[in-house]
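Participant: The structure is given below, and queries will be raised subsequently.
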Amino acid sequence: MHKPSQQTIRAHVVEDGQRKTLSGWRAAKTVFWSFLGIRRKSDYQSDVTHLKPVQVIVAGLIGAALLVGAILFLVYLVTK
Amino acid sequence: MDATHAHDHGHDHHPSGLMRWIKTTNHKDIGTLYLWFALIMFFVAGSMAMMIRAELFEPGMQFMHPEFFNQLTTMHGLIMIFGVIMPAFTGFANWQVPLMIGAPDMAFPRMNNWSFWLLPVAAIFLIGEFFLPGGAVAGGWTMYPPLFIQGGMSYDLNIFAVHIMGASSIMGSINIITTILNMRAPGMTMMKMPMFVWTWLITAYLLIATMPVLAGAVTMLLTDRHFGTHFFNAAGGGDPVMFQHIFWFFGHPEVYILILPAFGIISQIIPTFARKPLFGYASMVYATGSIAILSFIVWGHHMFTVGMPAAGQLFFMYSTMLIAVPTGVKVFNWVATMWKGSMTFETPMLFAVAFVCLFTMGGFSGLVLAITPVDIQLQDTYYVVAHFHYVLVSGALFSIFAGAYYWLPKWTGHMYDEKLGKLHFWLSVISMNILFFPMHFLGLAGMPRRIPDYALQFTQFNQIASIGGFIFGASQLIFLIVVLKAVRGGAKATDKVWEGAEGLEWTLPSPAPYHTFETAPMVK
Ligand code: HEM
Ligand SMILES: [Cu+2]
């Protein structure tokens, strides 16, 4: 079997890392739009092709936690 | 494969007569069973409502003891929710999900059979309670302690029935999720799935998340009753309010379990009769998903009056109001779908349009109740009864009627009687408003719910509501006639049935053969 050079391996690692952060951001955006309930069709289509269900679920749970935090903060401001 | 061949094939190796239905693992048979079960239970719980409205026609006690009245309101609620709306939607899922995604059957056909046959057992338990010493449970469908700890043996039977129905729902959900995720025809990607399939996928997850919570709550009731625990017994150091928290952590997602499949059905029907694709399909999917998530952080709006710190009241008020945003997006999308469409108004569409108008009213009264200081006035009044009947009768139930008229030709192979269908619609929609609209006024004037007697000044609105109720009840017999007529004969339905219909189910003959999509269709 052909062994990949050190360089190609590093290139792959970098690429993978980038894709992770990108899709993390993408999942966050997806969840944000879903809380509003609207999404452009083309964006939706690229979401569906680029995101795995697990990512969306995790992002959704984090989003829900953030939302709870935000409402709690609002409550704190109001009752202060 | 042509229809006749499919038919022969279907009938040569399975039992006939009663055993066909008891042993069936066919998704269409099981769907039919669910739907008939729901219809029968609809008339059972509906006749309880008729008795309630008869008693409330005048102040004072006319026909029954107050204890029996309380049993009626409790069983009416329990049966309508667990025995009518939920099984009806599961029946739709059984029939339609495989047809819509191009699958030959559900993923676990035997478990499917078991999920259904648990339900009649639970129904016998629930109805049987009336014949036990002390009668049926009378503490309200919410099963709050201390009443639910103090009651007699029917309370145990009720807890058992809830456990069984929960198990049935969980198995049904596992089946639906597995079918949707694994058995879609080639080319049927997630983003091409019909809205009904999407909404049921999300509903099934909600069910799996919340049914165990309900089971836990009633199990704690059971151990409090018999095994010396004091979860909800203040005398033993427990807290009855904790039950309310646990119950509503299940209960609020549950109301979305009762409405998301309705959203799905309406999202199938409106595009067909507006002859336009669903506006904002993507946003519909997103809105459904976020409603599901948000439904877990609003339960406290049912408990504003039981005592809660101001910070808690504010939290639940804000979160409840936020949930109206994605719901509003859906209503907007349905209206935009109809906008400039070439619409026709066959019975399914009439029910769907009524849904859009009237469900929205229920949503608005929900928003009113979400405002804490307002709810402190209105909690446990008829205003709440008005709210949840607008979302459940003109919401969930109307969507079930809409869906039944829409797919009946596909199921039976015959067109239903359009004249009778329209009559059913108009009588229902008018009488439903006569029945429930005055309840807003009664609630605002302070009439408490779950009460067999009332002060004189509430008489007129109660009489109007009762008259509306009797008309509504009688009108539902028309639906029974329409269904029976369509099952037994009538004009032959075409494959596509509706001019504007789209989707895999309409590529099949009507009635859909016993076995369909044995070789998966290709979706482009
Ligand atoms: C815009 C969305 C909604 C909002 C803001 C909302 C808000 C509320 C609030 C605040 C209450 C508590 C009233 C009280 O007891 O004082 C309530 C009760 C209720 N809601 Fe909703 N609701 C919404 C939609 C729905 C839907 C879609 C359903 C069912 C399909 C539903 C079913 C119920 C039921 C059954 C109750 C009464 C529970 C009981 O027996 O006490 N609601 N709603
Ligand atoms: Cu709620």
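The values are calculated or read from the model by the stated rules, or taken from the named source; none is laboratory data. For clarity, every value in this text was computed on a predicted model and none was experimentally measured. Note: ideal-geometry Cβ built from the backbone for every residue, glycine included; neighbour counts use all protein chains shown. We work out accessible area using only protein heavy atoms, side chains counted, and drop any ligands, DNA or RNA first. Shrake-Rupley method; radii C 1.70, N 1.55, O 1.52, S 1.80 Å.
Participant: With contacts defined as alpha carbon pairs under 8 Å and 6 or more residues apart, what's the relative contact order of region A:17-79 in percent?
Facilitator: Over region A:17-79, the number comes to 43 percent.
Participant: Among the listed pairs B:Lys276/B:Lys524; B:Lys23/B:Lys192; B:Lys496/B:Lys524; B:Lys28/B:Lys422, give every one whose C-alpha distance is greater than 22 Å.
Facilitator: B:Lys23/B:Lys192; B:Lys28/B:Lys422
Participant: Further question on the same structure: Ranked highest first by the average count of other Cβ atoms within 10 Å around their residues, in what order do B:472-485, B:429-442, A:49-62 fall?
Facilitator: Going by the mean number of other Cβ atoms within 10 Å, highest first, we get B:429-442, B:472-485, A:49-62.
Participant: Now for a different question. Contact order normalised by length for chain B, with contacts defined as Cα pairs under 8 Å and 6 or more residues apart; what percent is it?
Facilitator: Relative CO of chain B lands at 19 percent.
Participant: Moving on. At a probe of 1.4 Å, how much accessible area disappears from chains A and B on forming the pair, both sides counted, to the nearest 100 Å²?
Facilitator: It comes to approximately 1900 Å² buried between A and B.
Participant: Shifting gears a bit: When the distances between all Cα atoms of region A:17-79 are binned every 5 Å from zero, what whole-number percent does each bin get?
Facilitator: 4, 17, 24, 22, 13, 9, 6, 4, 1
Participant: Let me ask something additional. Highest mean first, how do B:388-396, B:491-499 rank when packing is the count of other Cβ atoms within 10 Å averaged over residues?
Facilitator: Result, highest mean Cβ count within 10 Å first: B:388-396, B:491-499.
Participant: Mind checking the mean number of beta-carbon atoms from other chains within 10 Å of the Cβ atoms in B:312-319?
Facilitator: 4
Participant: Work out the length of the dipole vector of region B:30-507 about its Cα centre, built from +1 on the beta-carbon of each Lys and Arg and -1 on the beta-carbon of each Asp and Glu, and round it to the nearest 20 debye.
Facilitator: The calculation lands at about 1140 debye.
Participant: Counting Lys and Arg as +1 and Asp and Glu as -1, what is the net charge of the other residues whose Cβ lies under 15 Å from the Cβ of B:Val487?
Facilitator: +3
Participant: Which sequence of B:Ile208, B:Ile257 reflects their accessible areas, 1.4 Å probe, from the largest down?
Facilitator: B:Ile208, B:Ile257
Participant: Shielding by partners for B:285-295, please: the mean number of other protein chain Cβ atoms within 10 Å of each residue's Cβ.
Facilitator: So the per-residue partner count for this stretch is 6.
Participant: So what does B:Leu367 come to for accessible area, using a 1.4 Å probe and Å² rounded to 10?
Facilitator: Approximately 50 Å² for this residue.
Participant: Counting partner chain Cβ atoms within 10 Å of every residue's Cβ in B:189-199, what's the average?
Facilitator: The per-residue average across the peptide is 1.
Participant: Provide the three semi-axes, in whole Å and in decreasing order, of the ellipsoid equivalent to region B:396-495 as defined by the square roots of 5 times the Cα gyration tensor eigenvalues.
Facilitator: 37, 11, 10
Participant: So if I take the centroid of the Cα atoms in region A:46-74 and the same for region B:406-478, what is the distance between those two points in Å?
Facilitator: Computed from Cα coordinates, the inter-centre distance equals 41 Å.
Participant: If packing is taken as the average number of other Cβ atoms within 10 Å across a peptide's residues, how do B:59-65, B:282-288, B:503-509 rank, most packed first?
Facilitator: Sorting B:59-65, B:282-288, B:503-509 by mean packing, highest first, produces B:282-288, B:503-509, B:59-65.
Participant: Next question, about the same structure. Taking the Cα atoms of the protein assembly as shown, what is the range of coordinates along each of the three principal axes, in descending order and whole Å?
Facilitator: Here the spans come out as 86, 68, 53 Å, largest first.
Participant: Then there's this: Over region B:30-507, what number does the Rg to Rh ratio reach, with both radii from the alpha-carbon atoms and Rh per Kirkwood?
Facilitator: 0.95
Participant: Distance from the Cα centre of region B:334-385 to that of region B:185-250, in angstrom?
Facilitator: 26 Å
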